[in-house]
Amino acid sequence: MSWIVLVLSGVLEAVWATALGRSEGFSRLGPTLVFGGALVLSMAGLAWAMRELPIGTAYAVWVGIGAVGTVGWAMATGAEPASLVRILLVAMIVAGVVGLKVTH
């Protein structure tokens, strides 16, 4: 169950990071509220997962999922350029996260 919560928390990290960018310095209410809610839920889930998972593994997986989700969304929506090299580098992050899960 800790792994499921950790993955969902990582997804919420991507949500709050994207909302933070769209909040334009907290000047837009909608994205600011999404940021705050997703941040609280993401941190709570990370903290809960760390009760059973090693802190280093849990944090690395959480950050990895959040980073991949954020950059993947940005590339999919055209906010950031997508290239073969960038996609391969993101795939390396995914491989690292999977590796941490497999070796746990």
Next on the checklist: Looking at Val85 and the list (1) in contact with a helix residue (DSSP H, G or I) (Cβ under 6 Å, 6 or more places away or on another chain); (2) outside any loop (DSSP other than H, G, I, E, B), which single condition is not satisfied?
Outcome noted: (1)
Checklist entry - Residues in region 35-83 that are hydroxyl-bearing (Ser, Thr, Tyr), surrounded by 17 or more Cβ atoms within 10 Å (Cβ to Cβ), at pLDDT 95 or above and farther than 13 Å from Leu12 by Cβ: how many? => result 0
Checklist entry - Within the bounds of region 5-15, is there any residue that is surrounded by fewer than 21 Cβ atoms within 10 Å (Cβ to Cβ) and of a type in the set (D, E, K, R)? => result no
Item to check | Those residues of region 59-78 which are more than 12 Å from the chain's Cα centre (by Cα) and touching a residue at least 40 places away in the same chain (Cβ under 8 Å), in sequence order | outcome: Ala74
Item to check | Selection within region 4-56 - in contact with a helix residue (DSSP H, G or I) (Cβ under 8 Å, 6 or more places away or on another chain) and not in a helix (DSSP H, G or I) | outcome: Ser23, Glu24, Phe26, Arg28, Met50, Arg51, Glu52, Leu53
Checklist entry - How many of the residues making up region 84-104 are among the hydrophobic types (A, V, I, L, M, F, W, C), more than 16 Å from the chain's Cα centre (by Cα) and within 20 Å of Leu8 (Cα to Cα)? => result 1
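The values are calculated or read from the model by the stated rules, or taken from the named source; none is laboratory data. All of these numbers come straight from a predicted model, not from anything done at the bench. We place every Cβ from the backbone using ideal geometry, glycine too, and count neighbours over all the protein chains shown.
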